[in-house]
Amino acid sequence: MKRISENVCRWLAIKVIFWLLYGLLMIIGITGNGSVLIAFTKNRRLRSARNIFLLNLIITDLLLCVTAIPVTPWYALTKNWTFGALMCRLMPLSNSCSVFVTRQVSFHCSLSCSHEEASIFVVQNWSLTAIAIDKFVHIMGPIRAPVSISQAGLVTAFIWVISTVINIPYLLSYELVDGAYYVPNNTKPFCGFFCDEINWNGETPRRLYGSTVVLLQFVIPLIIITYCYARILAKVASDMIIQNVQFSKSLSTAQREKATNQRKRVNYILIGIVIAFIGCWFPLTVVNILKDFKLEPKFLLKQPFFWPLVAHVIAMSTVIWNPLLFFWLTKKKTKSQMPRFSVSFNAFGTTISRISSMHRKSYTFRYVHKYSSTCSLNRELSRRRNSSKSHLRNGLANSKNYLTVEMERLI
């Protein structure tokens, strides 16, 4: 019977499970995000300011699929960095995984997944924040001019620059070291090479930097996103037609049900965005805080590979949720065009029918009036001048032909 304190990541079954999970995330992430990227490039109607932020999420997801998702499980399960010194310096810019090797009698390695910070994760979270702010401004202040595509592009570029600058200390702290670095002299060295943070001048700067990153990457975006969507939910609830007494009585049962379903859909989408954000990043953030301040519970100390790797898998599931977010936020625009077109067409047809009816009545009245006037005039002329009745027949025939031609043109 295996002891519970044994490193379960050595078990073949655990390795297979992790490889399958990461493999599925990679395949689904590349397929889903790649499809969204192709749709965005081919469909000009999707090129809006809000979709620029969504596109930024899609691009970062694709970067994660080709960097963090394949590299992290390989390094965590093999415990050997095989990607060279350059990649050891560059990987912090594109993934959230850092490996710490502690100095103990036996080999002990713990996986800490991002808050020391990767640029991509900051870009993702602040792109979600930009989407929330854009929707907040659009709904709470509809009179204001919407964000343009150029402005959205500038905001996106600014997010990338700031996140890269913030990530520089983390980037400089990494170095490729030999396994002999972790053991005293004249003892058996660890096998392999490790990409490790060894350039911090003590624990205090590292903890201060890690705490700052937690605030910038998770806490502040979470506060802004929650506030914006809470206000939007309140606004949607108060402004619904079914809540307005003036219009409520004029709605049919089907219209009431449709309005209620639309409000529920908005609620589900906004609440789902917040839940997905917290669900993906909260486990990862907690693991990093506990490890930075050496507050790990016993289960985390006993399995220093397994639980951080689980948290990392949960965080990487963002590559699946972001394409779904893109679909949810753009489906309303594409799908609602058909009902609006149908309603507009029906209204146009009704208007044309009414105009046609009015013209028919107008021409009928004009015909009767003309017929009566012609008859009266002819009778008067007949009495006065004894004119023949053939003139009246010709006049009526011409009037009928004129009316027939005009009605055919109208119809």
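Summary table below
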item: The listed residue being without any contact (Cβ under 8 Å) to a residue 60 or more places away in the chain and aromatic (F, W, Y), out of F18, F40; result: F40
item: Filter result (crowded, with 24+ Cβ neighbours inside 10 Å and more than 10 Å from the chain's Cα centre (by Cα)) within region 53-68; result: T60, D61, L64, A68
item: Looking only at region 268-283, and only at residues there that are within 14 Å of the chain's Cα centre (by Cα) and aliphatic (A, V, I, L, M), the one that is surrounded by the fewest Cβ atoms within 10 Å (Cβ to Cβ); result: I275
item: Residue in region 66-76 that is aromatic (F, W, Y) and touching a helix residue (DSSP H, G or I) at 6+ places or on another chain (Cβ under 7 Å) present; result: no
item: Exclusive hit being in contact with a Ser or Thr (Cβ under 8 Å, 6 or more places away or on another chain), under 28 Å from S148 (Cβ atoms) and not acidic (D, E), set L62, L57, L25, L37; result: L57
item: Elements of type helices (runs of 4 or more DSSP H) contained in region 35-92, each with 3 or more residues being in the same structural domain as I198 (by TED's automatic domain parsing) and in contact with a Gly (Cβ under 8 Å, 6 or more places away or on another chain); result: 49-66
item: Count of region 73-90 residues which are touching a strand residue (DSSP E or B) at 6+ places or on another chain (Cβ under 7 Å) and at pLDDT below 80; result: 1
item: From the options L270, L301, residue that is modelled with pLDDT under 80, more than 24 Å from P169 (Cα to Cα) and out of contact with any strand residue (DSSP E or B) (no Cβ under 8 Å at 6 or more places or on another chain); result: L270
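The values are calculated or read from the model by the stated rules, or taken from the named source; none is laboratory data. A quick note: this is a predicted structure, and the numbers were derived from the prediction, not measured. Using ideal geometry, Cβ is built from the backbone for each residue, glycine included, and neighbour counts are taken over all protein chains shown.
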